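Encoded as structure tokens, the structure appears first; notes follow it.
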Amino acid sequence: MTDKCVVIDTPEGIEMYRLLALRSALQLECKGLRFRGGSAVKTVRELIGSKTRSREKLLAELDGVIEGAKAQYGRKN
């Protein structure tokens, strides 16, 4: 068995991880799951400055932000 470890140690990498984690949380909220620590919808709205009420539209906006960040930092994944 091979152990693999990924270290994210750049500010850009940390921000990308945060965006992807928020995307996953928002996807789960779209399916009906609720979180104790606060709503991913609220966090994403504040982060990207959106007034969108629909979770699905907010997810699409966040995907656009993530794609822009990938292009800016040269990521392909």
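The values are calculated or read from the model by the stated rules, or taken from the named source; none is laboratory data. Computed from a prediction, not measured in an experiment: that's the story for all the values here. Note that each Cβ is placed from the backbone with ideal geometry, even for glycine, and that neighbours are counted across all protein chains shown.
Out of everything in the stretch 20-43 that is outside any loop (DSSP other than H, G, I, E, B), in contact with an Asp or Glu (Cβ under 8 Å, 6 or more places away or on another chain) and modelled with pLDDT under 95, what residue ends up being surrounded by the fewest Cβ atoms within 10 Å (Cβ to Cβ)?
If we take residues in the stretch 20-43 being outside any loop (DSSP other than H, G, I, E, B), in contact with an Asp or Glu (Cβ under 8 Å, 6 or more places away or on another chain) and modelled with pLDDT under 95, then C30 is surrounded by the fewest Cβ atoms within 10 Å (Cβ to Cβ).
Where residues in the stretch 18-40 are out of contact with any helix residue (DSSP H, G or I) (no Cβ under 6 Å at 6 or more places or on another chain) and of a type in the set (A, V, I, L, M, F, W, C), which of them is farthest from V7 (Cα to Cα)?
By that ranking, first place goes to L33.
Enumerate the pairs (first residue in the stretch 48-60 and free of Cβ contacts under 8 Å to residues at least 40 places away in the same chain and closer than 14 Å to K31 by Cα; second residue anywhere and acidic (D, E) and assigned to a helix (DSSP H, G or I)) with beta-carbon separation below 8 Å, excluding pairs fewer than 6 apart on the same chain, so at least 6 apart or on different chains.
Matching pairs, first to second residue: R55/E29.
For the stretch 46-74, enumerate the residues that are polar (S, T, N, Q) and more than 18 Å from E15 (Cβ to Cβ).
T52, S54
Mind checking whether some residue in the stretch 43-55 is of a type in the set (V, I, T) and in contact with a Ser or Thr (Cβ under 9 Å, 6 or more places away or on another chain)?
Scanning the stretch 43-55, I find at least one residue that is of a type in the set (V, I, T) and in contact with a Ser or Thr (Cβ under 9 Å, 6 or more places away or on another chain), so the answer is yes.
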